[in-house]
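Quick notes on the structure that follows.
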Amino acid sequence: MTLLDHNVQELEEWRGGVMTRMRVSAVNGSRQLCIFDQWCEPGSGAPLHLHAVEELLEVIDGTAEITCQGVTHVATANQSVLIPAGCMHAFQNVGEGKLHVRATLAAPIFEASYENSREISRRWVPDGKL
């Protein structure tokens with residue numbers, strides 16, 4: 001068992017208008033989960049991308065437009081969208097205030113491949129800790 005203090009975990013800017021806090025990952029001992037929070041300014045979010053594993057995207061506060069393979073849902077606080085492994089998806093803050101989402105992936109390391117070739121595939125392993 002491991003106690004994790006999320007209050008001391010750093011925030012990172014993943015792209016303009018998107019701040020991220022990695023809560024649970026291989027870095028702090030997870031073997032099967034990656035869980036992170038994102039705070040997105042209006043109009044910002046994540047561009048089309050996919051993961052090799054299933055993802056649950058939960059809206060904590062605000063309004064998100066979430067698209068998965070051409071199907072779009074608008075989700076608000078206390079609503080989630082389950083995204084199948086390999087599904088090209090994106091989300092955007094369509095509200096007036098800040099959007100707070102929590103993502104849970106069924107893998108201990110965050111990896112994403114983006115539809116836009118200008119976006120670099122991302123593998124979240126900070127400071128070479130793994």
Check your understanding: Averaged per residue, what accessible area in Å² does the chain show with a 1.4 Å probe, protein chains only?
Key -> 57
Check your understanding: Highest GNM mean-square fluctuation, the chain, Cα pairs closer than 10 Å: which of Leu57, Leu48, Leu82?
Key -> Leu82
Revision key, fill the gap. Expressed in µm² per second, the diffusion coefficient of region 32-103 from the Stokes-Einstein equation, with Rh the Kirkwood radius over alpha carbon pairs, at 25 °C and 0.890 mPa s, is 205
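About its Cα centre, how strong a charge dipole does region 1-121 have in debye, to the nearest 20, once Lys and Arg get +1 and Asp and Glu get -1 at the Cβ?
160
Between beta-carbons, use under 9 Å as the cut-off and find the net charge around Phe36, counting Lys and Arg +1, Asp and Glu -1.
For residues surrounding Phe36, the net value is +2.
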Check your understanding: When the chain is treated as a GNM, springs tying every alpha-carbon pair under 10 Å, which of Thr72, Thr63, Thr104 comes out with the largest mean-square fluctuation?
Key -> Thr72
**Study point:** Rounded to the nearest 20 debye, dipole of region 27-86 from Cβ charges on Lys, Arg, Asp, Glu
**Key:** 180
Practice item. Excluding Arg102 itself, calculate the net charge of residues whose Cβ lies under 13 Å from the Cβ of Arg102, where each Lys or Arg counts +1 and each Asp or Glu counts -1. Key: -2
Study note, to complete from the structure: At q = 0.17, 0.19, 0.21 1/Å the base-10 log of I(q)/I(0) from the Debye formula over the alpha-carbon atoms of the chain is -0.89, -1.13, -1.38
Exercise for review: Can you pull the one-decimal nm distance between simple spin-label points at Asp5 and Leu33, each 7 Å off the Cα toward Cβ?
Suggested key: 2.1
Review point. So who's got an amide H within less than 5 Å of the one on Lys98, skipping anything under 5 residues away but keeping other chains? H placed 1.01 Å off N, in plane.
Key: none
Practice item. Mind telling me which of Gly43, Gly70, Gly86 comes out most flexible in a GNM of the chain, alpha-carbon contacts under 10 Å? Key: Gly70
Exercise for review: Among His89, Trp39, Ser25, flag the residue with its Cα farthest along the positive direction of the charge dipole of the chain, charges on Cβ as +1 for Lys/Arg and -1 for Asp/Glu.
Suggested key: Ser25
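The values are calculated or read from the model by the stated rules, or taken from the named source; none is laboratory data. Please read these numbers as outputs of a predicted model, since none were measured by experiment. Methodologically, a virtual Cβ is constructed for each residue, glycine included, from the backbone with ideal geometry; neighbour enumeration extends over all protein chains shown. The accessibility values were calculated without ligands, DNA or RNA, using every heavy atom of the protein model including side chains. Shrake-Rupley method; radii C 1.70, N 1.55, O 1.52, S 1.80 Å.
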